[in-house]
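What follows is a single structure, written as structure tokens, with notes after it.
The values are calculated or read from the model by the stated rules, or taken from the named source; none is laboratory data. Keep in mind the model is a prediction, meaning the values are calculated, not measured. Quick reminder, even Gly has a Cβ in these numbers, built from the backbone with ideal geometry, and neighbours come from all protein chains shown. With ligands, DNA and RNA removed, areas are computed over all heavy atoms of the protein, side chains included. Shrake-Rupley method; radii C 1.70, N 1.55, O 1.52, S 1.80 Å.
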Amino acid sequence: PMSLLTYQEARRYSARIKTQVEQREMPPYHYDTDVGIQDLKYDPRLSEQDIATIVAWVEQGAPEGDPALMPPPVEWPDATQFRMADQFGPPDVIVRSDPYTVPATGQDRWWQPVVESGIAANRCIRAIETKPAVAGRSVAHHANSSWRGAEAGGAGGQLSEYALGKIGEIIPEGACRMAPANGQIAFDIHYWPNGTEVQNDQVEIGIWLYPEDYQGDYRQTLTLYFLNGGRGFDIAPHGTLMTQGFHQFTTPVRIDSWQPHGHTRLVAMSMQILRANGRTENISMVSNWSALWHHSHIYADDVAPLLNVGDKLLLTGWYDNTENNKYNPDPDQWVSIGDRTADEMSHAWIAVTHLDEEGYQQVVEQRAARRRLASEQQD
């Protein structure tokens, strides 16, 4: 909570800026820098050199420098617009939930309207952004969406997931997350009253589509993967807990993105692969989890994890219900798994491209060829 619009304002908060940058709280992208895959798409983390520059500036008294070299003022984007439009242009489709008024006070509530998608033919999705209204951002805890309708296969599949701080999801070229023809979109919006009534709130989903002739080689799905093998655990007052979940696939797969999910007692989560030959690989780790910022960590094309049949995905979560957890609202309470904001959750949203053996070998060979080419170019 600080203004950085002018030099005078920034200098006033320079000590706090130094602390937040050194601790990697700003920019708010929680992903460990020393565990697992580091080559991520759309990675906003500061480099060590950037951090050192900011720290040195503060330690030298935060000098202003030459005002003549000041960059022009930032042109802030319209808060009502989709942020991914800067990259992909306007969405091809915008779907809005039916309006809902969130009262100023009360318990958690869920709004689950079903609306028409407006997509007339089967299409592969390129990107998705779920956007609460400006007034509703402070009360929209999460907003999930899935497909309904006969041509969506009845229950359909997951379209997207939104939680506080998340921008959106991007489907890599070659994969297809299908938007079925004439399908409906079912919203599951979790509202949390915060003291101010929000009238007629609507959540929007912007969908960017691949060209009509794009088919995609393999299907991609977004799925909620539990860590505890089911729905049940309790965290004692002033206690801690670790949960784990193991997952196998019936075909080879590529992990495209990983998004931990929890509430205020979750403090860390990791993803590993237990190979069929007994090796363990650390893939990703977030050891300073914050429920204020849910990020979908998208792996770069040549490092996205590959699992063959027989490999296992291991997800681990750590929970802290003590006074040492700065986000814990009340360490005197028992906390159980559940959907309310006061409850906890134990899962990760993972986007998976489902390959066959031929596709798996093709990806392995393409990556090896690119590594050889890069090595020859360096020589």
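Ordered by residue, what ³J(HN,Hα) values in Hz, to whole numbers, does region 326-340 give under the Karplus form 6.51 cos²θ - 1.76 cosθ + 1.60, where θ = phi - 60° and Gly and Pro are x?
5, 8, 6, x, 6, x, 7, 9, 5, 10, 10, 5, x, 8, 6
Taking only C-alpha pairs under 8 Å that are 6+ residues apart, what is the relative contact order of region 154-268 in percent?
About 31 percent, as a whole number.
Please list Asp188, Asp217, Asp339 in order of solvent-accessible area, largest first, computed with a 1.4 Å probe with all protein chains present.
The ranking, largest first, comes out as Asp217, Asp339, Asp188.
Which sequence of Val309, Val115 reflects their accessible areas, 1.4 Å probe, from the largest down?
Ranked list, largest accessible area first: Val309, Val115.
Roll a 1.4 Å probe over the protein heavy atoms and report the accessible area of Arg279 in Å², nearest 10.
It works out to around 120 Å².
Per the helix-only calculation at 222 nm, which mean residue ellipticity applies to the chain, given -39500 (n - 2.57) for every DSSP H run of n ≥ 4 and division by its residues, nearest 500 deg cm²/dmol?
Calculated at 222 nm, the ellipticity per residue is -4000 deg cm²/dmol.
Excluding residues on the same chain fewer than 8 positions from Lys312, give the lysines whose Cα lies under 19 Å from its Cα.
In chain and number order, there are no partners.
For region 273-364, what D do you get in µm² per second when you plug the Kirkwood radius from alpha-carbon pairs into Stokes-Einstein at 20 °C and 1.002 mPa s?
130 µm²/s
Go ahead and run the numbers for FRET between Val364 and Asp32, Cβ-Cβ distance against an R0 of 22 Å, rounding to 0.05.
Given R0 = 22 Å and the Cβ-Cβ separation, E is 0.25.
Put +1 on the Cβ of every Lys and Arg and -1 on every Asp and Glu Cβ in the chain; which of Ser97, Gly232, Leu355 then has its Cα farthest towards the positive end of the dipole?
Comparing the listed Cα positions along the dipole, Gly232 ranks first.
For Lys131, go through the lysines and keep the ones whose alpha-carbon is under 24 Å away, minus same-chain ones fewer than eight residues off.
Correct list for Lys131: Lys41, Lys166.
Under the classification rounded if a/c is under 1.5, otherwise prolate if a/b is larger than b/c and oblate if not, where does region 7-86 fall, given a ≥ b ≥ c as square roots of the Cα gyration tensor eigenvalues?
Judged from the Cα gyration tensor, region 7-86 comes out oblate (a/c at least 1.5, b/c at or above a/b).
Could you give each residue of region 273-280 its phi-based ³J(HN,Hα) in whole Hz, using Karplus coefficients 6.51, -1.76, 1.60 with θ = phi - 60°, and x for Gly or Pro?
10, 9, 6, 4, 7, x, 6, 10
Within a Cβ distance under 9 Å of Ile185, other residues only, what is the Lys/Arg minus Asp/Glu net charge?
Every neighbour counted, the sum reads 0.
Sort 174-185, 1-12 by the packing proxy (mean of other Cβ within 10 Å over each peptide's residues), most packed first.
174-185, 1-12
Hey, what did region 22-117 get for relative contact order, percent, Cα under 8 Å, at least 6 apart?
The value is 18 percent.
Tell me, how many Å apart are the Cα centres for region 102-153 and for region 1-64?
Centre-to-centre distance over Cα atoms comes out at 34 Å.
Among Thr33, Thr353, what's the order by accessible area (1.4 angstrom probe), most exposed first?
Sorted by accessible area, descending: Thr33, Thr353.
Compare the peptides 286-298, 242-254 by average per-residue count of other Cβ atoms within 10 angstrom and give them in order, highest first.
286-298, 242-254
With a 1.4 Å probe and every protein chain kept in, tell me what percent of the accessible surface of the chain is carbon plus sulfur.
Result for the chain: 50 percent of the exposed heavy-atom area is carbon or sulfur.
Taking Lys18 as the anchor, which lysines have their alpha carbon closer than 23 Å to its alpha carbon, excluding any fewer than eight residues away along the same chain?
Straight-line reach from Lys18, under 23 Å: Lys326.
With a 1.4 Å probe and every protein chain left in place, tell me how much accessible area Leu209 has, in Å² to the nearest 10.
Approximately 20 Å² for this residue.
Would you please give the residues with an amide H less than 5 Å from that of Leu159, counting only those at least 5 places away or on a separate chain, with H modeled from the backbone geometry?
It is Ser145, Ser146, Trp147, by chain and number.
What's log10 of I(q)/I(0) for the chain at q = 0.14 Å⁻¹, Debye sum over Cα points only, no solvent?
Values returned for q = 0.14 Å⁻¹ are -1.42.
For Thr105 and Ile51, what is the calculated FRET efficiency with R₀ set at 35 Å and r taken between the beta-carbons, to the nearest 0.05?
Once the sixth-power term is evaluated, E becomes 0.25.
Quick check on region 1-155: take the gyration tensor over C-alpha atoms, sort the square-rooted eigenvalues as a ≥ b ≥ c, and tell me if it's rounded (a/c under 1.5), prolate or oblate.
Since a/c reaches 1.5 and a/b is larger than b/c, the shape of region 1-155 is classed as prolate.
With a 1.4 Å probe and every protein chain left in place, work out the accessible area per residue of region 132-217 in Å², rounded to a whole number.
Here the residues of region 132-217 average 39 Å² of exposed surface.
For region 179-332, rounded, prolate or oblate, judged on the Cα gyration tensor with a ≥ b ≥ c (square roots of eigenvalues), a/c < 1.5 rounded, else prolate if a/b > b/c?
Cα axes put region 179-332 in the oblate bin.
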